[in-house]
Each structure stands twice: as C-alpha cells, then as structure tokens.
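Structure first, then comments.
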Amino acid sequence: MVNQRKKLVVLSGAGVSAESGLGTFRDNGGLWNNHSVYDVATPEAFHNNPELVLDFYNQRRRDVYKAQPNPAHLALAEAERDFDVTVITQNVDDLHERAGSTDVYHVHGLVTQARSSLTDEVFELEGKDIHLGDTCPKGAQLRPHVVWFGEFIYHMDEAIGFVEQADIVIVVGTSLKVFPFANLVDYARADAQCFLVTQDIDAVPYGFQYKQGPASTVIPQLLAELTLS
Ligand code: BV8
C-alpha cells in the first residue's frame with residue numbers, strides 16, 4: 001500500500017516575510033503604524049486620493065522585488081517532497097512562489113499584478129509601477145491587484161475546503177486579526193495536527209499547539225519533526 005502523502009495546509013501572514021525585510025502590519029513600526037489603513041487600503045481612499053494609494057503600493061512592490069525568500073518559505077516549498085502542501089496566504093508578496101511552492105492561494109491579492117478598476121481583469125506588471133492614467137484595454141484606471149478593506153477576498157470557499165481536508169495545519173506569522181481569513185482556523189478537523197508559529201499572539205486558537213519564535217528557525221524545525229513522525 002503506497003503511503004498516502006499527508007495533506008499539509010499552511011495559513012500565512014506578514015510575519016513569514018518579516019525576515020525577508022518586508023514590514024508586518026501591526027508590529028512596532030508596522031505598515032499600519034505609518035499609514036492609516038483608511039488612507040491607503042480602502043476603495044474610498046483610492047477614490048479620494050489615487051496618487052497616494054498608487055505610490056504606497058508602488059513602494060511596496062519595489063520592496064517585494066528587492067526581497068528574497070527566507071528559510072521559512074524555502075522549507076515550506078521543500079516540504080512538497082513529503083507532503084501534499086497547499087499554501088493559503090494573506091501576503092501580497094510572491095515569496096512563497098519564488099521559494100518554489102507550487103500550490104499558493106493569495107486571498108488578499110498580489111502586488112506584482114495590476115487589475116482593471118472596471119472589469120477586474122488582472123495584468124502582470126513586470127517590474128513597472130502603476131501611475132494615474134495607466135488604463136486597461138477598456139480605458140479604465142489600473143489599480144493594484146490587492147483586496148482592500150471592505151472588499152470581498154479571493155478563494156475563501158476553496159480555502160475552507162482545504163483546511164477541512166488537512167491532516168496538518170500550520171498557521172505562521174499572522175496575528176489572526178483580519179477577517180474572514182482569521183475564521184479559517186475554525187475549519188480544522190478535530191483529529192488534525194494544528195500548529196501556530198508566530199512571535200506573539202493575543203489568543204491561541206482552540207486545538208492549536210503554539211510554537212513561539214521566528215518563522216525562519218521554527219518552521220524548518222517543525223517540518224523536520226513532522227517528516228520524521
Ligand atoms: C471583507 C491587502 C466582506 C492589502 C489586506 C469581522 C469582524 C471584524 C471585522 C470584520 C469582520 N469581517 C470583515 C471585517 C472587516 C475587515 C477586518 O477584518 N477588519 C479587521 C482589521 C478588524 N475585513 C475586511 O474588510 C475584508 N473584507 O470582509 O469583505 C465585506 C464586504 C463589504 C462590506 C463588509 C464586509 C478584507 C480584508 C483584507 C484587507 N487587505 N491586505 C495590503 O496588503 O496592503 S489585510 C493585510 O493586513 C494583510 O493582507 C493581512 O491580512 C493583514 C495583516 O495581518 P497579518 O498578516 O496577520 O500581519 P500582522 O502585522 O497583523 O501580524 C504579524 C504577525 O507576525 C504577528 O503575530 C507577529 O508576532 C508575527 N511575526 C512578526 N515577525 C515574525 C512573526 N512571526 C514569525 N516570524 C517572524 N519573524
């Protein structure tokens with residue numbers, strides 16, 4: 001009997017990219033400390049001051065291009081050798097893919113892509129910025145392909161399905177303060193092995209083992225243990 005590869009579902013947030021030099025949102029000096037969410041990450045903000053919003057994401061995009069995957073991203077990609085891995089991330093960076101992960105869902109979009117503010121058609125940016133006046137083929141202003149507060153997220157139904165099927169759930173680098181992504185931990189099976197890897201957390205979700213520490217150290221260790229078990 002071929003040993004069935006276990007289903008490993010990873011739920012990640014900004015903390016998994018922190019050691020790649022990309023700021024988190026709520027930690028000291030986090031993105032939301034220097035910018036009000038309401039000035040840069042809502043449809044209203046884009047309507048009221050599109051240049052401020054485009055500049056904010058042009059800078060975030062440049063930071064992403066300069067960043068490199070860290071040992072946490074690399075270990076999660078390498079885990080595909082032993083597990084059937086799906087990564088569901090809040091991050092708008094492409095570090096999971098650049099590390100080699102092949103099954104990644106961006107529920108809050110990808111900053112390396114643009115979207116038509118009319119048709120929702122998505123376009124690769126290939127290193128380019130988005131400027132006011134940059135339009136889609138239908139003449140509508142282009143916007144960053146990210147999900148702003150008050151906008152519906154992507155892949156929520158698929159994500160619930162993956163978490164419900166998971167033998168192992170690893171939540172890494174998220175404060176679990178943004179919804180509906182944070183609700184995904186509630187769909188883990190009672191007999192699944194569930195781990196939370198983060199620097200600090202207000203409340204550990206029920207059924208999760210808390211492993212405090214930097215993702216680039218704790219994730220490779222945890223995956224090595226799981227591979228042996
Ligand atoms: C929506 C894209 C339907 C843009 C982002 C229910 C209750 C309350 C509020 C709501 C609710 N349902 C909906 C809401 C409103 C809102 C929400 O959740 N508000 C919160 C703030 C209370 N949700 C929405 O608006 C969502 N849409 O609900 O649509 C709808 C539609 C119409 C009307 C009503 C409802 C859309 C939310 C998506 C917003 N877009 N990102 C961009 O990136 O600029 S959210 C953005 O912030 C990120 O994507 C991410 O999701 C979030 C940041 O969270 P984390 O990743 O967790 O980062 P954080 O800094 O908080 O934590 C970092 C963690 O890492 C910490 O724990 C730290 O300890 C740890 N860490 C740090 N370093 C390391 C580390 N861990 C390991 N190693 C390290 N080295």
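The values are calculated or read from the model by the stated rules, or taken from the named source; none is laboratory data. Predicted, not measured: the structure shown is a model, and the values here were computed from it. Neighbour counts are summed over all protein chains in view; Cβ atoms, including those assigned to glycine, are modelled from backbone coordinates with ideal geometry.
Structure above, values below:
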item	result
Options Leu176, Leu184: the member that is part of a helix (DSSP H, G or I) and either in contact (Cβ under 8 Å) with a residue 40 or more places away in the chain or aliphatic (A, V, I, L, M) (or both)	Leu184
Some residue of the stretch 76-89 being in contact with a Ser or Thr (Cβ under 7 Å, 6 or more places away or on another chain) and within 12 Å of the ligand (Cβ to nearest atom)	yes
Of residues in the stretch 8-40 being within 6 Å of the ligand (Cβ to nearest atom) and modelled with pLDDT of 95 or more, the one surrounded by the fewest Cβ atoms within 10 Å (Cβ to Cβ)	Glu19
Residue identified as within 12 Å of the ligand (Cβ to nearest atom) and out of contact with any strand residue (DSSP E or B) (no Cβ under 6 Å at 6 or more places or on another chain) among Thr227, Thr217	Thr217
Failed condition for Asp200, given (1) away from the ligand (no atom under 16 Å from the Cβ); (2) over 24 Å from Phe56 (Cα atoms); (3) part of a loop (DSSP other than H, G, I, E, B)	(1)
Single residue of the stretch 126-185 satisfying the filter (of a type in the set (S, T, N, Q) and more than 10 Å from the ligand (Cβ to nearest atom)) that is surrounded by the most Cβ atoms within 10 Å (Cβ to Cβ)	Gln141
Tally, over the stretch 137-157, of residues that are more than 15 Å from the chain's Cα centre (by Cα) and part of a helix (DSSP H, G or I)	1
Subset of the stretch 91-125 that is of a type in the set (Val, Ile, Thr) and closer than 22 Å to Leu11 by Cβ - its residue that is farthest from the ligand (Cβ to nearest atom)	Thr102
